[in-house]
1. Has region 7-22 got at least one residue that is modelled with pLDDT under 95 and touching a helix residue (DSSP H, G or I) at 6+ places or on another chain (Cβ under 8 Å)?
2. Here are Asp93, Asp138: which of them is over 13 Å from the mean Cα position of the chain (by Cα), surrounded by fewer than 19 Cβ atoms within 10 Å (Cβ to Cβ) and among the charged types (D, E, K, R)?
3. For region 129-149, what are the residues that are of a type in the set (S, T, N, Q) and part of a strand (DSSP E or B)?
4. Strands (runs of 3 or more DSSP E) wholly in region 1-103 with at least 3 residues that are in contact (Cβ under 8 Å) with a residue 40 or more places away in the chain - which ones?
5. Inside region 104-128, can you point out the residues that are part of a strand (DSSP E or B) and surrounded by fewer than 18 Cβ atoms within 10 Å (Cβ to Cβ)?
6. Condition first: within 14 Å of the chain's Cα centre (by Cα) and more than 25 Å from Thr6 (Cα to Cα). Can you find one or more residues in region 25-46 that meet it?
Amino acid sequence: MEKEQTKLKGNFKIACLRDNQVIAEREIDNTIMNAGKAEISGLILTDVGGTAFDYLAVGTSATAPNATQSALIAEKYRVAGTGSQQTTTVTNDTARLTASIIITASNSIQEAGIFNSSSGGTILARTTFSAINVSDSDTLNVGYDVRVS
């Protein structure tokens, strides 16, 4: 009998738009954080519960992800996302969270994460990527896929 092994795998996509033109794009795999795994296991159980993940954040740190981190290193923006289920291998095996972030100051965006609160809260996943230099009024279209396989 083969043992089932369930895993979470995340993928992050970001596109920076300036004057409605894409000026930079990145697609990166990410690290699922220990705190996120614990929150998900609680969500499975009625007697434990938890808070679902519905917020996307970006920041300016290039510090490598480590599963023990509990926040972005230098968060600049956090917004509520729109969630949906997608099919990667089996029906509805991927959770997708997307959002648009309007930039209000020049920064070098290099990290992103998923959270379950508009501030603080529990982090599910974090990634870093080569810098995207943003300016006031730019838009970041961001999306996170978390696949359960």
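The values are calculated or read from the model by the stated rules, or taken from the named source; none is laboratory data. What you are looking at is a predicted structure, and each value in this text was computed from that prediction instead of being measured. No Cβ is skipped: glycine too gets one built from the backbone with ideal geometry, and neighbour counts run over all protein chains shown.
1. Yes: one or more hits.
2. Numbers: Asp138 fails: surrounded by fewer than 19 Cβ atoms within 10 Å (Cβ to Cβ).
Result: Asp93 is the single residue among Asp93, Asp138 that is over 13 Å from the mean Cα position of the chain (by Cα), surrounded by fewer than 19 Cβ atoms within 10 Å (Cβ to Cβ) and among the charged types (D, E, K, R).
3. So in region 129-149, the residues of a type in the set (S, T, N, Q) come out as 130, 133, 135, 137, 139, 141, 149.
Scanning region 129-149 gives Ser130, Asn133, Thr139, Asn141.
4. Details: elements: 8-18, 21-29, 55-59, 75-80, 82-86, 94-102.
In region 1-103, the matching strands (runs of 3 or more DSSP E) lie at 8-18, 21-29, 55-59, 94-102.
5. Quick first cut of region 104-128, residues part of a strand (DSSP E or B) only: 107-115, 123-128.
Within region 104-128, Ser108 is the sole residue that qualifies.
6. Looking through region 25-46, at least one residue is within 14 Å of the chain's Cα centre (by Cα) and more than 25 Å from Thr6 (Cα to Cα).
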